[in-house]
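What follows is one structure encoded as structure tokens, with my remarks underneath.
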Amino acid sequence: MDIRVFEDKNALGQAAADQAASAIRRAILHQGQARIVAATAASQKEFLEALTSAPGIDWDSVEAFHLDEYIGLPMTHPGSFRKMLLEQLISKLGSESTICSMETVMRTRRSPRRVRRLPQRQWMSRF
């Protein structure tokens, strides 16, 4: 077991992002793409900030998913996980980047790359 203690949450977020960025780059190098699941919690802020700043990641080759949201909560609500991920992940990656819920993939029966072509309201606003 590897136990590491960090000075603060910024150092922890940076270390986690470095490890994730390395895994993402490696997957893209060997498989041509990477798939990630983005966690939704306030504790992820430092991690997501560091990850979106990591150099050398071809974000157009990354399919990102989130798995949860409060039922019936509009994306405009301050507690919305979709809102958080849009602000802290997607908006920093450019217009071709997208994140979708597994529910959207199942409901539309489309691959994540095809979900990207749906209007944003379809992949981010309904649960």
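The values are calculated or read from the model by the stated rules, or taken from the named source; none is laboratory data. For clarity, every value in this text was computed on a predicted model and none was experimentally measured. All Cβ positions, even for glycine, are placed from backbone atoms using ideal geometry, and neighbour counts span all protein chains on display.
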Restricting the range 10-44 to residues that are modelled with pLDDT of 95 or more and of a type in the set (Lys, Arg), the residue that is nearest to residue 63 (Cα to Cα): 25
Pair list, Cβ < 8 Å and 6+ apart or interchain, from the range 65-88 residues that are over 13 Å from residue 44 (Cβ atoms) to residues that are among the polar types (S, T, N, Q) and at pLDDT 75 or above: 69/40; 69/80; 70/80; 73/80; 74/80; 83/76
Selection from the range 1-49 of residues that are in contact with a Leu (Cβ under 8 Å, 6 or more places away or on another chain), buried (at least 16 other Cβ atoms within 10 Å of the Cβ) and not in a helix (DSSP H, G or I): 38, 40
